[in-house]
Amino acid sequence: MSEIIVDLKSVSKVYDETVALDGIDLYIRKNEFVTLLGPSGCGKTTTLRLIGGFEQPSGGTILFEGRDITGIPPYKRRVNTVFQRYALFSHLDVFENIAFGLRIKKLSEKAIKDKVKKMLEQVNLEGFEKRDVNSLSGGQQQRVAIARALVNEPEVLLLDEPLAALDLKLRREMQHELKSMQKQLGITFVFVTHDQEEALSMSDTVVVMQDGRIQQIGTPVDIYNEPTNAFVADFIGESNIVDGIMRKDYLVDFSGSSFDCVDFGFAKDEAVDVVIRPEDLVLIPAEKARLSGTVSSVNFLGVHYEMLVESDDGTSWLVHSTLMEPVGTRVGLGLEPMDIHIMKKVSSR
Amino acid sequence: MVRFLKRSYVYLVFAFLYMPIAVLMVYSFNDSRSRGVWGGFTLRWYVELFQDRTIMSSLYSTLFIGVTSAIIATIIGTLAAIGIHNSRGIQKKLIMNVTYLPVLNPEIVTAISLMILFVFARVRLGYLTLLLAHITFNIPYVILSVLPKLRQLNKHLYEAALDLGCTQPQALWKVIIPEIMPGIITGLLLAFTLSIDDFVISFFTTGSGINTLSITIYSMARRGINPKINALSTIMFTFVLLLLIIVNVRQAREEKKGRNGKHGSKKQIDSFDARFGGA
Amino acid sequence: MKRFSLFPYVIWMTLFIVVPMFLVLYYAFTIPTETGATWSLENFGRFFEPIYLRVLGRSLRLAVISTVICLILGYPAAMVMAGNAFTRKNVILLLFVVPMWMNFLLRTYAWLTILERNGVINVLLANLSLPRLNILYTEAAVVLGMVYNFLPFMVLPIYSVLSKIDKGVVEAAGDLGANAFRVFTKVVFPLSLPGVVSGVTMVFMPALTTFVISRLLGGGQFTLIGNLIEQQFLVVGDWGFGSAISVVMIVFILLSMAIMSFFEGEEKDVALW
């Protein structure tokens, strides 16, 4: 593993009365693609702005390559930012937007020309030098914003929901481009988004946040397969979350039946959250199933059908399947022990 | 049919608004002192106008005060707008309320309050007091022209400049000021027009033989009709018309550049609003 | 840095807006004595003498008449302009505003030319062998001057509010069974009230305090409050009384602003109202 570049130690941020960050600990390694993921107001943007230096923490310290940078202004940090809605300078053309940071550093005209030209190639905007930034499409503006930040050769690039304003197709393209750019340049990206799919597909590490606290840090696969609590499970993809009771190790009760599972280490009869992904529920004949119910709605979503099954105890189960059963059919729901995820109840806050 | 009636009504209102100005302009070319009679075409009044020492010197004063006060008011007002935009709470409320004061107060009240101040502080009434008064009533209009531009800015622009290596003053000078330039120019033009248009405040804050055009017109009009005033009206109206066309073409071009296209007419109204509050 | 940018303005504002206001208050609430000045309400007491009350009455009456005429003339015009009778609304709006950029004194002076004894109207009437009209130097001329000068102040705020009304609301009212008249009285007019209130205030206040229109078109026979203030400062030299009248004017403004904000409720973002 490579060395740590940014290290947040019990950092908190309070605005007036509201707590935006509640003492988070987070380190980011060199060349890592880290995504801060969470619903709006979870503290992800605040974290980014603290690293960028636009805000000062109310408590805790931020280390950059081991040195305390708390209180250092943004223009002295080797970090650059791609802003929400890009924040391009509309009084300057594309070339001058990208050259802005270099001019501030008083580089020679030749060096500026060379660097900007190289950058324009990198983001596929050759020939756009003299264009007015307002005349560009969203995707092009996005590239200018990225180029403007990257041309300063930062150690860390911060991206604040950079793709939020783009349409779905363009967003997919940019996701790939950003990812390959990061690999090629070998610099650290810290990416903020509320889109879980985006987070899972791009990142090396995903940091799930809620209410100013970090809920889970892990690889996309870990986060998806082993969410630590019901919030993460629900936020990362759709889930069925029901109340259950842990009878003993490897045995859980929910929906009026007992099921084998792979979890252990809970207290006897402990109340837990049971999380089951809709794609893990399989339609089987009712008489063969421990869990059965009636199909109450069917939606065709292209790749698969989305069905709601009302089980006999009154729970609604979301089922994703390529097969379809019409509304009113009695069906059974089959599931494997390893598809049942047991989670400790989080005290509701 | 209904549409025709509706249009006719508006055209009638236009006729009411334009008729007096048209009459003024037509009679500026009338070679007869009496209004009712058309004595033939002449440019005599224009010649006399330019030979009239009083009018010419007041024209000079008006332009001098107009340009100087507009520039100073624009500098102070722009800085103030940036400050106001970044302040919060009670401070912001207090400053905005005081800013609205000269805009909402009857002109005559602003005028006498400034007159009292100058006499009280023993400043001799003249060019200096006239200039100070004009700057004072111009600043709020500059602020009100610049503030909307600041609100439209992407709130991360200033941070983007810092991020790219600007110190705070650099970010202001290299990014914020150029971005709000259209608002600043609108404010400057507005301040200049208000200054040359002003009568009431100038009337109370000037002294010893220093007259603006408005004051000269007032004292001439009090003595009755004077064809030189008609000639002056024609020139001023043409000038204002040209200025307005330039401003509008500029605005239209800016809208074409892409941003705020659909807010164009609203923006126009807003600057008109600002223009009207003080009259 | 951004905070420092307020400093010049705060100093300027204090010196030339706040201090003068306090000076006006000071003069209004004191009377000069041999040794200096003493606190007194005498200046306000004088305001209630019959001659001054008559001036106040006349000012209020002329201002109300002008405001009502402006409203009656202006509302339909604003409505037509905000509607779809014209395709190029911007041009119409601009045409409406252009005369207002003409010097205020010249606009008022223009009516001298028209209303005069040998002016345009009377020459026309004479050509039609009709009797002369002697309007100039009457109250009617003063009202005409006010309406002419202040009409746009009425039309623009109403226009601005009307043009922002969601067309869907009007259609919905029609859809729910209201005829054109009821759509207007039950939906459009109530929605346009903030504009009407702005317009009324913006016409009423300058009409109440003008001294130029009454001096030029009234020939100085009709003293209005504005003329009274002017006289106290430039002719009589009684600053105390002049300031007291000004304070009364400011109170009027504050009251009307309070009424306005009561009607408007929220949203004070649009330039001046």
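The values are calculated or read from the model by the stated rules, or taken from the named source; none is laboratory data. Every value quoted in this text rests on a predicted model; they were computed, and no experiment measured them. Positions of Cβ are generated from backbone atoms using ideal geometry, with glycine treated the same way; all protein chains shown enter the neighbour counts.
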Residue satisfying condition, being in a strand (DSSP E or B), in contact with a Leu (Cβ under 6 Å, 6 or more places away or on another chain) and outside the structural domain of residue A:211 (by TED's automatic domain parsing), within set A:298, A:252, A:319 | A:319
With the condition kept exactly as written, say whether any residue in the stretch C:127-136 is touching a residue at least 12 places away in the same chain (Cβ under 8 Å), within 29 Å of the chain's Cα centre (by Cα) and part of a helix (DSSP H, G or I).
-> no
Would a scan of the stretch C:129-145 turn up a residue that is among the charged types (D, E, K, R), touching a helix residue (DSSP H, G or I) at 6+ places or on another chain (Cβ under 7 Å) and more than 10 Å from every other protein chain (Cβ to nearest Cβ)?
-> yes
For residue B:55, work out the one condition from (1) β-branched (Val, Ile, Thr); (2) facing chain C (nearest Cβ under 7 Å); (3) over 15 Å from residue C:12 (Cβ atoms) it doesn't fulfil.
-> (2)
Out of B:130, B:114, report the one residue that is surrounded by 22 or more Cβ atoms within 10 Å (Cβ to Cβ), more than 8 Å from chain C (Cβ to nearest Cβ) and hydrophobic (A, V, I, L, M, F, W, C).
-> B:130
Count of residues meeting criterion [among the charged types (D, E, K, R) and touching a strand residue (DSSP E or B) at 6+ places or on another chain (Cβ under 9 Å)] in the stretch A:86-127 | 1
Which residue out of B:63, B:79 is buried (at least 16 other Cβ atoms within 10 Å of the Cβ) and either closer than 29 Å to residue C:9 by Cα or among the β-branched types (Val, Ile, Thr) (or both)?
-> B:79
Considering only strands (runs of 3 or more DSSP E) wholly within the stretch A:119-214, the ones with at least 1 residues that are polar (S, T, N, Q) are A:188-193, A:205-210
Quick one: residue A:47 ticks every box in (1) assigned to a loop (DSSP other than H, G, I, E, B); (2) of a type in the set (Ser, Thr, Tyr); (3) surrounded by 22 or more Cβ atoms within 10 Å (Cβ to Cβ) except a single one, so which number is it?
-> (1)
Scanning the stretch B:96-111 residue by residue, those facing another protein chain (nearest Cβ under 7 Å), assigned to a helix (DSSP H, G or I) and either buried (at least 24 other Cβ atoms within 10 Å of the Cβ) or not β-branched (Val, Ile, Thr) (or both) turn out to be B:101, B:102, B:104, B:108, B:109
Quick check: anything in the stretch B:137-148 aromatic (Phe, Trp, Tyr) and within 12 Å of chain A (Cβ to nearest Cβ)?
-> no
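Residue-wise test of (1) modelled with pLDDT under 90; (2) at positive phi; (3) among the aromatic types (Phe, Trp, Tyr).
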residue: C:222; (1), (2), (3): yes, no, yes
residue: C:229; (1), (2), (3): no, no, no
residue: C:257; (1), (2), (3): yes, no, no
residue: C:262; (1), (2), (3): yes, no, yes
residue: C:265; (1), (2), (3): yes, yes, no
Can you work out which of the residues in the stretch B:248-279 that are at pLDDT 50 or above and under 22 Å from residue B:195 (Cβ atoms) is nearest to the other protein chains (Cβ to nearest Cβ)?
-> B:248
So residue C:103 clears everything in (1) in contact (Cβ under 8 Å) with a residue 24 or more places away in the chain; (2) within 26 Å of residue C:216 (Cβ to Cβ) except one condition, right? Which one?
-> (1)
Count, please, the residues in the stretch A:176-204 that happen to be surrounded by 19 or more Cβ atoms within 10 Å (Cβ to Cβ) and in contact with an Asp or Glu (Cβ under 7 Å, 6 or more places away or on another chain).
-> 4
Tally time: how many residues in the stretch B:1-33 are assigned to a loop (DSSP other than H, G, I, E, B), surrounded by 14 or more Cβ atoms within 10 Å (Cβ to Cβ) and within 13 Å of chain C (Cβ to nearest Cβ)?
-> 1
Verdict on residue A:61 being part of a strand (DSSP E or B), away from chain B (no Cβ under 14 Å) and under 19 Å from the mean Cα position of the chain (by Cα) | no
Single condition residue A:297 does not satisfy, out of (1) surrounded by 13 or more Cβ atoms within 10 Å (Cβ to Cβ); (2) of a type in the set (Ser, Thr, Tyr); (3) touching a residue at least 24 places away in the same chain (Cβ under 8 Å) = (1)
Listed by range, helices (runs of 4 or more DSSP H) wholly within the stretch C:1-57 having at least 2 residues that are at the interface with chain B (Cβ under 8 Å from one of its Cβ atoms) and of a type in the set (A, V, I, L, M) are C:7-13, C:19-28
Looking at (1) touching a Leu at 6+ places or on another chain (Cβ under 7 Å); (2) among the hydrophobic types (A, V, I, L, M, F, W, C); (3) at the interface with chain B (Cβ under 9 Å from one of its Cβ atoms), find the lone condition where residue A:112 falls short.
-> (3)
Given the conditions (1) closer than 23 Å to residue C:224 by Cα; (2) part of a loop (DSSP other than H, G, I, E, B); (3) of a type in the set (Gly, Ala, Ser), which single one is not true for residue C:145?
-> (2)
Subset of the stretch B:173-189 that is touching a Ser or Thr at 6+ places or on another chain (Cβ under 6 Å) and of a type outside the set (S, T, N, Q) - its residue that is nearest to residue B:66 (Cα to Cα) | B:188
Would you confirm whether any residue within the stretch A:265-279 is aromatic (Phe, Trp, Tyr) and within 30 Å of residue A:204 (Cβ to Cβ)?
-> no
Check on residue A:125, touching a helix residue (DSSP H, G or I) at 6+ places or on another chain (Cβ under 8 Å) and either under 20 Å from residue B:157 (Cβ atoms) or among the β-branched types (Val, Ile, Thr) (or both) | no
Tell me, yes or no, whether the stretch C:72-88 has at least one residue that is exposed (fewer than 14 other Cβ atoms within 10 Å of the Cβ) and either touching a Gly at 6+ places or on another chain (Cβ under 7 Å) or in a helix (DSSP H, G or I) (or both).
-> yes
Considering every residue within the stretch B:224-247, establish whether at least one is more than 7 Å from chain C (Cβ to nearest Cβ), of a type in the set (Ser, Thr, Tyr), in contact (Cβ under 8 Å) with a residue 12 or more places away in the chain and outside any helix (DSSP H, G or I).
-> no
Answer with yes or no whether residue A:123 is away from every other protein chain (no Cβ under 14 Å), crowded, with 18+ Cβ neighbours inside 10 Å and closer than 25 Å to residue A:166 by Cα.
-> yes
Would you check which residues across the stretch C:91-115 are buried (at least 23 other Cβ atoms within 10 Å of the Cβ) and more than 7 Å from chain B (Cβ to nearest Cβ) and list them?
-> C:108, C:115
